[in-house]
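The values are calculated or read from the model by the stated rules, or taken from the named source; none is laboratory data. It should be emphasised that the depicted structure is a prediction, and the values quoted were computed from it without experimental measurement. As a convention, Cβ positions derive from the backbone with ideal geometry for all residues, glycine included, and neighbour counts pool all protein chains shown. Heavy atoms of the whole protein, side chains included, go into the accessibility calculation; ligands, DNA and RNA do not. Shrake-Rupley method; radii C 1.70, N 1.55, O 1.52, S 1.80 Å.
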Amino acid sequence: MTLSHDDAGILYLCEDEVKLACQHLDSIAVMHELFRLYASGETILPDEAYLAWANPLGESVRSLNMPGYVGGSINQAGTKIINGNIANPRRGLPRASGLTLLYDPTTVRIACIMEGAYISSLRTASVSLLATRLCAGRPIECAAIIGAGVLAQRHIELLVQQIPSLVKISLFDLDKQRVANMRTLLTPLLEDSHVVLIEETSAQRAVEGAQLIIPVTTTTTGYIPYAWLQPGAILVNVSLDDPLPDVVLQADKIIVDDWDLIKNDTRRLLGRMYRSGEIIGPDDPHPQGSRARRIDAHLGDVVMRERVGRESDNDIILVNPFGLSIEDIALATYVYQEALRLHLGTPLKR
């Protein structure tokens, strides 16, 4: 993929322009291509830089800087910067905000700067839907979404578009106003798709009735036990710690996006379980005498059909996507090309 913007300047794309460009893209197909390239060794994924501190009000805030390179048909390097403060929604502001930067493939000068939070949420939901396709079993009639923020919205938008068998979405959030806001926002889409949105009274009720469960919360305390999951369920653990350890130990399949990032992370469930010796990676040697549970596959392995996502309709599958900067870079590259085609954006002098 060749970038064609005038290298004398930088093209800036605001959120509305990014959204407009995304309307013309198949984001799930982009993620499929990205994971094919990842599995073929045509990507570079350095460790992320994670900065956490307390702001003047004593709130915990963080900033992540995540560079990446995607080769093959995409041939693009860039950087994702995403900042977050979970107190922001109380101020009427998004919890996360950021920028995605793309570099000229030859000169590596910055070619494009675009609003990054929308791309981040869309690629997250697209990876969830890609994993759901790859692990498909019985038709999904009910999906449970835990949490009613931006990621919930992006997932629901894709769910109703991509799963024809879907008839119900069970939504739970501790904040009932957030659920009400979500319902108002998505009612036209849901009505057009003949999908009913049900506000559940507990996470348990939402999870137990669903074939697909997607937690999109900010909790650091697990609450979903294995016993809540019905035979054949797919749990896409987008959040940090929603599943309890028994889900990891008893699931029939566990699929991750990048094991090295996951095992080195000290903040999330699988990284902690790796350090305690309870799990090992897909290709790790099994320690003598250990009863550690092996992670079954990378998502890229399933895309390439080197490993299977599901062996029986009753398999309970845990998908644990860490979230990779190369996903943002891949999607942003297509957004940039579409923006050039549509003559979107504001040229900036260097």
Problem set entry | Student exercise, the chain dipole from Lys, Arg, Asp, Glu Cβ charges, in Debye to nearest 20 | 540 debye
Exercise. Considering only protein heavy atoms, what is the solvent-accessible area of Y38 at a probe of 1.4 Å, reported in Å² to the nearest 10?
Worked result: 40 Å²
For this session: Would you calculate a helix-derived [θ] at 222 nm for the chain, using -39,500 (n - 2.57) for each DSSP H run of n ≥ 4 and dividing by the full residue count, to the nearest 500?
Result: -10000 deg cm²/dmol
Exercise. Using every alpha carbon pair in segment 7-121, what percent of pairs falls into each 5 Å bin from 0 up to the bin containing the largest distance?
Worked result: 2, 10, 15, 20, 21, 15, 9, 5, 2, 0
Exercise. Quick one: Debye curve from the C-alpha atoms of segment 3-74, no solvent, what's log10 I(q)/I(0) at q = 0.13, 0.18 Å⁻¹?
Worked result: -0.69, -1.07
Exercise. Non-local amide H neighbours of G72 (under 5 Å, H modeled in plane, Pro and chain starts lacking H): which ones?
Worked result: none
For this session: Please state, as a whole number in µm²/s, the translational diffusion coefficient that the Stokes-Einstein equation yields for segment 269-341 at 20 °C and 1.002 mPa s, with Rh defined as the Kirkwood radius across alpha carbon pairs.
Result: 141 µm²/s
Problem set entry | Quarter of Cα convex hull surface for segment 299-350, i.e. mean projection, nm² | 6.5 nm²
For this session: Would you check the accessible area of V196, probe 1.4 Å, heavy atoms only, in square angstrom rounded to 10?
Result: 80 Å²
Seminar exercise, completed: Taking only Cα atoms of segment 138-266, the Rg to Rh ratio with Kirkwood Rh works out at 0.96
Problem set entry | Kirkwood Rh in Å, taken over segment 175-244 so that all alpha-carbon pairs contribute | 13.4 Å
Problem set entry | segment 71-182: translational diffusion in µm²/s, Stokes-Einstein, Kirkwood Rh over Cα pairs, 37 °C, 0.692 mPa s | 201 µm²/s
Problem set entry | Rg to Rh quotient for segment 14-55, alpha carbon positions, Kirkwood Rh | 1.17
Exercise. In whole angstrom, and with the biggest value first, how far do the Cα coordinates of segment 149-213 range along each principal axis?
Worked result: 27, 24, 18
Problem set entry | Integer Hz, Karplus 6.51/-1.76/1.60 couplings in order for segment 285-293, x for Gly and Pro | x, 7, x, 4, x, 7, 10, 4, 7
Seminar exercise, completed: Percent antiparallel among DSSP beta bridges confined to the chain, nearest 5, equals 55 percent
Problem set entry | C-alpha long axis of helix 176-193 to longest principal axis of the chain, angle in ° | 80 degrees
Exercise. Distance from the Cα centre of segment 9-44 to that of segment 288-350, in angstrom?
Worked result: 11 Å
Seminar exercise, completed: Log10 I(q)/I(0) at q = 0.17, 0.18, 0.19, 0.28 Å⁻¹ for segment 215-261, from Debye over equal alpha-carbon scatterers, is -0.50, -0.56, -0.63, -1.24
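Based on the alpha-carbon set only, what is the convex hull volume of the chain divided per residue, in Å³?
Spread over its residues, the Cα hull of the chain gives 142 Å³ apiece.
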Exercise. What is the mean projected area of the alpha carbon convex hull for segment 42-94, to one decimal in square nanometres?
Worked result: 4.7 nm²
Seminar exercise, completed: A136 neighbourhood, Cβ < 12 Å, K/R = +1, D/E = -1, net charge +1
Problem set entry | Rg [Å, one decimal], Dmax [Å, integer] - segment 229-293, C-alpha atoms | 11.9, 34
For this session: Please express the shape of segment 213-350 as an equivalent ellipsoid: the semi-axes are the square roots of 5 times the eigenvalues of the C-alpha gyration tensor, given largest first in whole angstrom.
Result: 33, 17, 17
For this session: Quote the charge dipole size of segment 78-221 about the Cα centre in Debye, to the nearest 20; the model charges only the Cβ of Lys and Arg (+1) and of Asp and Glu (-1).
Result: 340 debye
